[in-house]
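The values are calculated or read from the model by the stated rules, or taken from the named source; none is laboratory data. This is a predicted model, so every value here is computed, not measured. No Cβ is skipped: glycine too gets one built from the backbone with ideal geometry, and neighbour counts run over all protein chains shown. Heavy atoms of the whole protein, side chains included, go into the accessibility calculation; ligands, DNA and RNA do not. Shrake-Rupley method; radii C 1.70, N 1.55, O 1.52, S 1.80 Å.
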Amino acid sequence: MTSNLTSEEQAAAAAVERSAATSQLRFATAGSVDDGKSTLVGRLLHDSKSVLADQLEAVEHASRSRGQEAPDLALLTDGLRAEREQGITIDVAYRYFATPKRRFILADTPGHVQYTRNMVTGASTAELAVVLVDARNGVVEQTRRHAAVAALLRVPHVVLAVNKMDLVDYAEPVFAAIAEEFTTYAASLGVPEITAIPISALAGDNVVTASANMDWYGGPTVLEHLETVPVGTDPSQDPARFPVQYVIRPQTAEHPDYRGYAGQIASGVLRVGDAVTVLPSGRTSAITGIDALGTMVDVAWAPQSVTLTLADDLDISRGDLLAPSDHAPETTRDVEATVCHLHDRPLRVGDRVLLKHTTRTVKAIIKDIPSRLTLADLSHHPAPGELAANEIGRVVLRTSEPLALDAYDASRRTGSFLLIDPADGTTLTAGMAGDSFAAPAKGAEAARDDEGWDF
């Protein structure tokens, strides 16, 4: 614990956390093709009265033009022309809606294997994932893939929505068998909380209102669970991390010597008087002031945006990380991580990339790709040499400058990074520092000495 809070400060932090938990939840939906993800999202929006009248009219018109008598609620989220023509989800569709109890940011992610990268993008910031399963098909390969992605991304809550129960006569044994199989598999991956709900998105059973057709089920509806699931953590339980985003130097007559460091607290709690270490330089100082939106405060916590002042004039710039001196992360230039490759161009051993971690961007070289992970059965294929789009694997990188990385399982914010093409700024790969499901294999290093990359 880096900063011991007084009882008053703990109460204030808990109140802020409770307020955040009851105000907003980020969640993602995933499932195989035709499992009914978009229909579920449409039903959720429709039955929670979150659809505008003109939107509903447009959906009704589009449904009639396709020969459908009832409105196709999937059209509320499948906005691309290709999605509507093929009846599938391709892009990540973000939707914002609210109920009296909570505001929601929803990411409707695709089900096709070739769009695994889209699910990674949508679920990377999610606090909950809804994985759909067709009751007629049960747990299939793509279901296991989505559970594995949720586990890799450390999504704390997973909901198994067994859809199309109306097509299996609302049979409890069918639901129970699917729920047991999925729960056993997801728990083996380390998913901390799994909730199974039988639904029919098309008929509206157990989506917003309880189903009269499944009196054997006594649990919450999908919306009830979304409104009540606990989100967020006690910020005082995590070590503080403060990536510097901007250095404020007014140099005016009123503030001739003012030097403030602005940014968003990534985790933990910071207090005036705390001893901090600046990384990667390793220099130390103490916090003398915390400015929170123009108000000077004695304590601040994640995810507040603040400006810090220090007791010493140190050489600090954007990309530096401030951390408590007694709980500072180790800096390293050798990074081992699990990555999901996002770009159509393969990621190969020897590639020169930019690595962006919080506000810091440094040059890096792909030294090794020890293994590629097959999500369907969690098998590792050693020394693949490259990762194609949508593939997940282990990589070893060497950076030009030290990084203050935490393990991803300890901090999703400071344990993640992006690999970027230095030529055009394209995002290539999303990375998670530390171990995934298995220890990384050791491989031979490939070295090429190009100008500016010989590190």
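Values as computed for the structure displayed
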| read-out | value |
| --- | --- |
| The one condition in (1) polar (S, T, N, Q); (2) under 16 Å from the mean Cα position of the chain (by Cα); (3) open to solvent by less than 10 Å² (accessible area, probe 1.4 Å) that residue 399 fails to fulfil | (2) |
| Residue check, residue 131 closer than 22 Å to residue 340 by Cβ, open to solvent by 10 Å² or more (accessible area, probe 1.4 Å) and among the β-branched types (Val, Ile, Thr) | no |
| Given (1) in a loop (DSSP other than H, G, I, E, B); (2) open to solvent by 50 Å² or more (accessible area, probe 1.4 Å); (3) farther than 22 Å from residue 411 by Cβ, number of the condition residue 281 does not satisfy | (3) |
| Residues (in a strand (DSSP E or B) and not aliphatic (A, V, I, L, M)) located in segment 284-300 | 284, 285, 288, 289, 291, 295 |
| Unique match (being buried (at least 20 other Cβ atoms within 10 Å of the Cβ) and either among the polar types (S, T, N, Q) or assigned to a loop (DSSP other than H, G, I, E, B) (or both)) among 329, 303 | 329 |
| Residue, most open to solvent (accessible area, probe 1.4 Å), within segment 411-424, restricted to residues that are touching a residue at least 60 places away in the same chain (Cβ under 8 Å) and among the small types (Gly, Ala, Ser) | 416 |
| Residue in segment 377-413 that is farthest from residue 435 (Cα to Cα), counting only those that are of a type in the set (Ser, Thr, Tyr) and at pLDDT below 95 | 379 |
| Any strands (runs of 3 or more DSSP E) falling wholly within segment 341-393 and containing at least 3 residues that are touching a residue at least 24 places away in the same chain (Cβ under 8 Å) and buried (at least 16 other Cβ atoms within 10 Å of the Cβ) | 352-357, 360-374 |
| Whichever residue in segment 197-234 is among the acidic types (Asp, Glu) and farther than 24 Å from residue 154 by Cα and, among such residues, is most open to solvent (accessible area, probe 1.4 Å) | 215 |
| Any chance residue 53 is modelled with pLDDT under 75 and either under 18 Å from the mean Cα position of the chain (by Cα) or surrounded by 14 or more Cβ atoms within 10 Å (Cβ to Cβ) (or both) | no |
| Of all residues in segment 5-44 being among the charged types (D, E, K, R) and outside any loop (DSSP other than H, G, I, E, B), the one that is modelled with the lowest pLDDT | 18 |
| Residue selected from segment 235-276 under the condition under 20 Å from residue 362 (Cα atoms) and β-branched (Val, Ile, Thr), by the criterion least open to solvent (accessible area, probe 1.4 Å) | 244 |
| Qualifying residue in segment 235-246 (condition: without any contact (Cβ under 8 Å) to a residue 40 or more places away in the chain, within 25 Å of residue 106 (Cα to Cα) and not in a loop (DSSP other than H, G, I, E, B)) | no |
| Selection count where residues are among the charged types (D, E, K, R) and in contact (Cβ under 8 Å) with a residue 40 or more places away in the chain, scope segment 247-256 | 0 |
| Residue match in segment 186-196 (condition: surrounded by 18 or more Cβ atoms within 10 Å (Cβ to Cβ), within 22 Å of residue 127 (Cα to Cα) and polar (S, T, N, Q)) | yes |
| Members of segment 394-409 that are in a loop (DSSP other than H, G, I, E, B) and closer than 17 Å to residue 116 by Cβ | none |
